[in-house]
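Below is one structure, written out as structure tokens, with a few remarks after it.
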Amino acid sequence: MTLYYKEMKSPIGKLKLVANANALVAILSERERPNRLRLDVPNVDRQHPILVEAERQLSDYFAGKRTQFELPLEPRGTEFQKKVWRYLRRIPFGKTTSYGDIARTVGSPRASRAVGAACGKNPLSIVVPCHRVVGANGALTGFGGGLETKAELLALEAQALQIEGSA
């Protein structure tokens, strides 16, 4: 499968957007550990329509103007991972849930660690909002881009909600 990418600047650092011919397949952050995801070597394509649209929607998100993404997505993973990632997309903007709550919801109540591992392999962070998943006690735990980035994304969403609520 041929992959294409473009890079964009964001408040959380440089992001590399990766797509195939039909869908967005990954969003990689310069803050995450190298080789967190294994992908074929993508080709630069700054005009790829899916990448251009992904950049536009992400820019709107970072500006507090977007709470949901409307992009074709094709994450690669196991069926369990895909089930978790589909659930993540249902977590409302500015809200959090726990690994255990997700495990119970996807029908595997003892699989909170597996949910955590699936979040760690999420290739589409931000668009598939694994940053909204916290520990059972509400503590920030695990995030491919680091806990500082997770906190920044949650703060950005909280700020957008405050502005929306005061308007």
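State whether the residues of segment 40-52 include one that is in contact (Cβ under 8 Å) with a residue 60 or more places away in the chain and surrounded by 13 or more Cβ atoms within 10 Å (Cβ to Cβ).
No: zero hits.
Screening segment 25-63 for residues that are assigned to a loop (DSSP other than H, G, I, E, B) and under 16 Å from the mean Cα position of the chain (by Cα) and picking the one that is modelled with the lowest pLDDT gives ARG36. Selection of segment 1-16 for residues being open to solvent by less than 60 Å² (accessible area, probe 1.4 Å), assigned to a loop (DSSP other than H, G, I, E, B) and either modelled with pLDDT of 95 or more or closer than 22 Å to ALA63 by Cβ (or both) yields SER10, ILE12, GLY13. Using beta carbons and a limit of 9 Å, which pairs, at least six apart or on different chains, have the first residue in segment 85-101 and under 19 Å from PRO75 (Cβ atoms) and among the basic types (Lys, Arg) and the second one part of a loop (DSSP other than H, G, I, E, B) and open to solvent by less than 30 Å² (accessible area, probe 1.4 Å)? From segment 85-101, the pairs are ARG86/VAL106; ARG86/VAL128; ARG89/PHE69; ARG89/VAL127; ARG89/VAL128; ARG89/PRO129.
The values are calculated or read from the model by the stated rules, or taken from the named source; none is laboratory data. Since the structure is predicted, the reported quantities are computational estimates derived from the model, not experimental observations. We place every Cβ from the backbone using ideal geometry, glycine too, and count neighbours over all the protein chains shown. Side chains included, ligands, DNA and RNA excluded: accessible areas come from the protein's heavy atoms. Shrake-Rupley method; radii C 1.70, N 1.55, O 1.52, S 1.80 Å.
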